[in-house]
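The values are calculated or read from the model by the stated rules, or taken from the named source; none is laboratory data. On a predicted model such as this, the values are computed, not experimentally measured, just so you know. Note that each Cβ is placed from the backbone with ideal geometry, even for glycine, and that neighbours are counted across all protein chains shown. Accessible surface is based on the protein model in full, side chains and every heavy atom, while ligands, DNA and RNA are left aside. Shrake-Rupley method; radii C 1.70, N 1.55, O 1.52, S 1.80 Å.
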Amino acid sequence: MVQALNAWMDCVRASVLCSAEPTLQVLSSTLMAHDGTADAADGGRHPPLKYQVAVRTLCELTAKQGDLDRRFTPSSPSAEEGVAGHRVIGARRGAGYETEVHLAADYARLHVRGRADGYDPRAQQLEEFKTYRGDINRIPANHRVLHWAQLRIYGWLLCQARGCSEIRLALVYFNIATEQETMYVEKQSARALQVHFEEHCQRFLDWAESESAHRMSRDQALRALRFPHAAFHKGQRQLAEAVYRSVRNGGSLLAQAPTGSGKTIGTLFSALKAMPAARLDKLFYLVAKTTGRRMALDALHGFKSPHGPLPLRVLELVARTKACEYPENTCDGAGCRLARGFYDRLPAARTEAMTLKHLDQRSVRELALKHAVCPYFLAQELARWSDVIVGDYNYYFDLNAALHGWTTADGWRICVQVDEAHNLLERARKMYTIALDSRAFEEARRRAPIELEAPFGGVNAAWQQLIEAQGERYRVYESLPAELLSALQEFIAAVTDYWSAQPPRGADELQSVFFDAVRFCRLAATLDACTLFEVSKTIEYDRPLHAHARSVLCLRNILPRRFLAPRFAAAHAAILFSATLAPHDFYVDVLGLQQGTSLLDVASPFGPEQLTVKLVASISTRYRDRGHSLGPIADLIAEQYNAQPGNYLAFFSSFEYLNGVAARVAARHPTIPLWLQEPRMAEPERELFLARFVLDGRGVGFAVLGGAFAEGIDLPGSRLIGAFIATLGLPPADAANAETERRLSAMFGSGYEYTYLYPGVQKVIQAAGRVIRAPADRGVLYLIDDRFARTEVRSLLPAWWRINEAAYRVCSSNRRASCNAGAGKSYV
């Protein structure tokens with residue numbers, strides 16, 4: 001079967017390659033290598049390989065030097081301010097002054113192009129504009145070096161185009177606050193500029209030739225790639241074929257494949273196999289949790305070519321908090337030794353990195369420390385030269401996502417693979433949600449300098465006006481008060497101006513509320529029915545009889561599709577896969593997938609004889625009934641454990657519920673070993689929790705549905721033989737969800753399902769998927785709640801489950817009434 005699929009892919013690839021333009025993209029869209037095929041008119045000659053690069057990209061690679069300086073700099077103008085500043089400078093110049101001057105020239109096989117900001121033909125002066133705010137002396141030296149390198153490249157391009165023997169070069173710094181120009185001028189001969197140009201071009205070509213050779217070697221190896229196992233799992237071939245077609249042809253695929261069906265290796269194999277035919281630059285494998293990242297890296301490490309390791313550069317991206325060696329230091333040459341001289345040592349580190357192929361967090365750290373550079377920012381630099389990047393969702397989908405920014409700026413042709421894609425909805429909602437807390441603003445105001453008292457006061461006045469007019473504790477507004485938004489914008493401007501004169505040296509309360517205010521205003525500009533503007537207020541006591549008011553202003557995203565859609569559109573192909581992506585229409589609607597998205601539902605590789613599913617309809621787990629359910633659920637767990645000792649997981653809707661049942665088990669059945677998930681467990685603590693699930697072990701682990709142990713963990717064989725799910729997983733029926741239901745009902749006509757039912761049942765199926773992980777596994781699953789018997793719920797459960805219709809009762813006759821207290825019509 002494996003050989004047949006490999007042959008089928010090769011045939012499809014061959015048919016595509018016959019008609020595909022033989023274009024190899026190297027480094028980015030600004031650097032193209034054209035392997036032209038001769039026709040009869042040129043006598044069969046093959047033109048030489050030629051690369052194209054923009055001046056900025058050329059200098060970014062060849063002219064950076066000195067320290068890394070990634071401190072927060074509010075004095076950096078926005079893109080809009082930069083454009084406006086350029087217009088002001090151009091308008092000040094006299095008649096005949098040229099702006100946006102298009103220039104280009106060749107060196108060997110390299111074509112360099114760009115647009116110079118301005119040229120005065122009468123003075124023979126070429127100008128480069130740079131905008132800033134604050135003290136000009138604070139512009140880092142390495143930035144100035146890069147600015148001069150770009151200007152001198154433009155100088156040679158203009159000399160060649162206009163036949164100048166010498167030229168004046170002017171670097172113009174424009175203060176956007178004062179509109180003052182500071183000009184630095186030098187006179188250069190055309191010959192000196194040509195030498196400068198050729199030196200940088202040669203450095204670039206040396207690297208480009210190496211990258212071109214790697215790209216050809218990579219694609220050749222991927223065309224010959226074979227599936228790393230002797231056979232596919234049941235359904236894995238169907239998934240692999242669908243992924244291959246989608247990556248090759250472009251577009252989106254939404255694939256539901258059961259837990260344990262080999263989604264990670266199946267989707268990666270097909271995407272890699274299709275990369276040459278699709279002419280992809282990069283593959284982004286995006287995950288929601290650390291476990292998914294590790295599984296992807298392990299799968300990628302297992303792919304081999306017939307001649308050894310694949311010539312494939314794989315990079316793991318991790319959060320800055322996990323990669324930074326000196327989090328207490330400022331991120332600049334003065335504060336951190338790994339930032340000092342970063343760009344001077346980067347070329348050697350990058351060159352060695354390209355020989356290592358698999359660059360996980362540990363490998364990047366070792367390499368970075370060897371070359372005395374920052375591990376986090378080394379990984380950021382290596383992303384530009386990697387073939388496969390494994391990282392969290394936020395690297396591509398967040399508001400300021402680095403991978404998406406590079407993709408659009410450099411024109412990368414990419415495939416995005418979204419692992420456990422059912423998580424993307426909630427993660428994206430959080431990415432595009434921001435809350436302003438009155439307590440945080442008050443604390444920052446107390447510590448702020450006197451110069452910021454007025455803007456803080458303006459925010460406080462507008463805030464209090466809104467709070468005092470609101471009678472309810474919680475309210476959703478259709479729009480933001482103009483006074484509040486104006487006060488926040490004035491606050492942002494005031495803090496920016498203050499920091500321009502006195503830059504911050506480290507993170508503090510003021511920076512925190514400043515960033516929150518900036519993000520709040522940015523999201524406020526896009527406020528529509530997909531986001532709630534909600535205001536909540538409470539009374540808190542920091543000591544007896546000492547109360548104070550606290551309020552939160554929140555822009556809560558409930559439908560992130562408008563933000564996600566452009567990110568999917570920027571990808572040549574997007575592959576979203578999970579064990580729980582039903583109904584498909586729900587995920588297409590909420591995630592903003594393109595029209596015509598391909599849909600796939602892979603049959604389970606497991607059979608009903610492997611999993612005994614028991615529905616316990618005699619117990620209600622509704623909030624109002626939970627007190628009555630604690631004892632019956634504890635007895636049910638004990639009865640199953642005593643009948644078949646082994647390792648079990650029990651899932652609950654909250655820590656309070658979990659602890660209540662666990663306490664009853666411990667009191668009534670003290671011989672049963674128990675271990676409990678706790679709030680905010682660190683990674684070592686989570687590993688200890690999972691380590692209790694040993695082969696042929698005995699005990700019950702208690703966990704929260706939808707938490708760290710409800711998905712993405714693998715406990716095959718006797719490490720886990722059963723699970724209890726004591727909740728339908730529905731989100732709470734609070735005011736925010738009520739408003740969400742109303743709005744989603746207006747948009748899609750399925751407000752209840754989109755808000756409560758589909759997200760809840762998805763969590764149940766994910767948790768249940770921990771039990772059966774391999775063809776030889778056997779286990780039992782208890783669904784504890786009468787609502788699981790309802791048709792609309794049953795229709796969402798996996799088709800291969802055979803549910804025991806007989807209600808499993810653990811209540812004695814005199815307690816049964818209380819157990820059935822909630823068995824009415826209400827879901828919540």
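Checking the stretch 302-311 against the condition returns a match, with at least one residue being assigned to a loop (DSSP other than H, G, I, E, B) and surrounded by 23 or more Cβ atoms within 10 Å (Cβ to Cβ). Looking at A462, A435, A428, just one residue is part of a helix (DSSP H, G or I) and farther than 30 Å from E381 by Cβ, and that residue is A462.
Do we find that D344 is closer than 17 Å to L68 by Cβ and open to solvent by less than 20 Å² (accessible area, probe 1.4 Å) in this structure?
Details: closer than 17 Å to L68 by Cβ: yes; open to solvent by less than 20 Å² (accessible area, probe 1.4 Å): no.
Judged against the criteria, D344 is not a match.
Being touching a strand residue (DSSP E or B) at 6+ places or on another chain (Cβ under 7 Å), of a type in the set (S, T, N, Q) and at pLDDT 95 or above, is that true of even one residue in the stretch 516-534? Taking every residue of the stretch 516-534 in turn, at least one turns out to be touching a strand residue (DSSP E or B) at 6+ places or on another chain (Cβ under 7 Å), of a type in the set (S, T, N, Q) and at pLDDT 95 or above.
Name the residue that is surrounded by the fewest Cβ atoms within 10 Å (Cβ to Cβ), counting only residues in the stretch 354-377 that are free of Cβ contacts under 8 Å to residues at least 40 places away in the same chain and under 16 Å from V390 (Cβ atoms). Among residues in the stretch 354-377 that are free of Cβ contacts under 8 Å to residues at least 40 places away in the same chain and under 16 Å from V390 (Cβ atoms), the one surrounded by the fewest Cβ atoms within 10 Å (Cβ to Cβ) is R362. Looking across the stretch 392-418, the residues that are more than 19 Å from L576 (Cβ to Cβ) and not charged (D, E, K, R) come down to L399, N400, A402, G405, W406, T408, A409, G411, W412.
Determine which member of the set L272, L268, L253, L283 is under 22 Å from the mean Cα position of the chain (by Cα), more than 23 Å from L382 (Cα to Cα), in contact (Cβ under 8 Å) with a residue 40 or more places away in the chain and open to solvent by less than 10 Å² (accessible area, probe 1.4 Å). Break it down into steps so the answer makes sense when it comes.
Details: L272 fails: more than 23 Å from L382 (Cα to Cα); L268 fails: more than 23 Å from L382 (Cα to Cα); L283 fails: more than 23 Å from L382 (Cα to Cα).
The conditions single out L253.
Of all residues in the stretch 445-474, how many are touching a strand residue (DSSP E or B) at 6+ places or on another chain (Cβ under 8 Å) and more than 23 Å from L510 (Cα to Cα)? Working first, answer last.
The initial filter retains those residues of the stretch 445-474 that are touching a strand residue (DSSP E or B) at 6+ places or on another chain (Cβ under 8 Å), namely 463, 466-467, 470, 473-474.
With more than 23 Å from L510 (Cα to Cα) added as a condition, the list becomes 470, 473-474.
Here the count works out to 3.
Restricting the stretch 582-625 to residues that are farther than 21 Å from N249 by Cα and among the β-branched types (V, I, T), the residue that is most open to solvent (accessible area, probe 1.4 Å) is T612.
Within the stretch 620-638, residues that are over 15 Å from G729 (Cβ atoms) reach partners that are small (G, A, S) and open to solvent by 10 Å² or more (accessible area, probe 1.4 Å) with beta carbons closer than 6 Å, at six or more positions or on different chains, in the pairs D625/A821; H628/S818; H628/A821; L630/G660. Restricting V704, V700 to residues that are farther than 23 Å from I803 by Cβ and hydrophobic (A, V, I, L, M, F, W, C) narrows the list to V704. Check off (1) part of a strand (DSSP E or B); (2) at pLDDT 95 or above; (3) crowded, with 17+ Cβ neighbours inside 10 Å for R168 and give me the number that stays unchecked. Tallying (1) part of a strand (DSSP E or B); (2) at pLDDT 95 or above; (3) crowded, with 17+ Cβ neighbours inside 10 Å, R168 fails exactly one: (3). In the set Y154, Y119, only one residue is touching a residue at least 60 places away in the same chain (Cβ under 8 Å), touching a helix residue (DSSP H, G or I) at 6+ places or on another chain (Cβ under 7 Å) and either outside any strand (DSSP E or B) or open to solvent by less than 20 Å² (accessible area, probe 1.4 Å) (or both); that residue is Y154. Restricting the stretch 653-665 to residues that are open to solvent by 50 Å² or more (accessible area, probe 1.4 Å) and among the hydrophobic types (A, V, I, L, M, F, W, C), the residue that is farthest from the chain's Cα centre (by Cα) is A663.
Restricting to strands (runs of 3 or more DSSP E) lying wholly in the stretch 547-644: which have 3 or more residues that are of a type in the set (A, V, I, L, M)? Result: 573-578, 611-616.
Cβ separations smaller than 8 Å between residues 6+ apart or across chains give the following pairs from the stretch 520-537 residues that are in a loop (DSSP other than H, G, I, E, B) to residues that are open to solvent by 50 Å² or more (accessible area, probe 1.4 Å): T526/R562; L527/S479; D528/R562; A529/A746; A529/M747; C530/R561; C530/R562.
V495 satisfies every condition listed in (1) open to solvent by 70 Å² or more (accessible area, probe 1.4 Å); (2) at pLDDT below 95 except (1).
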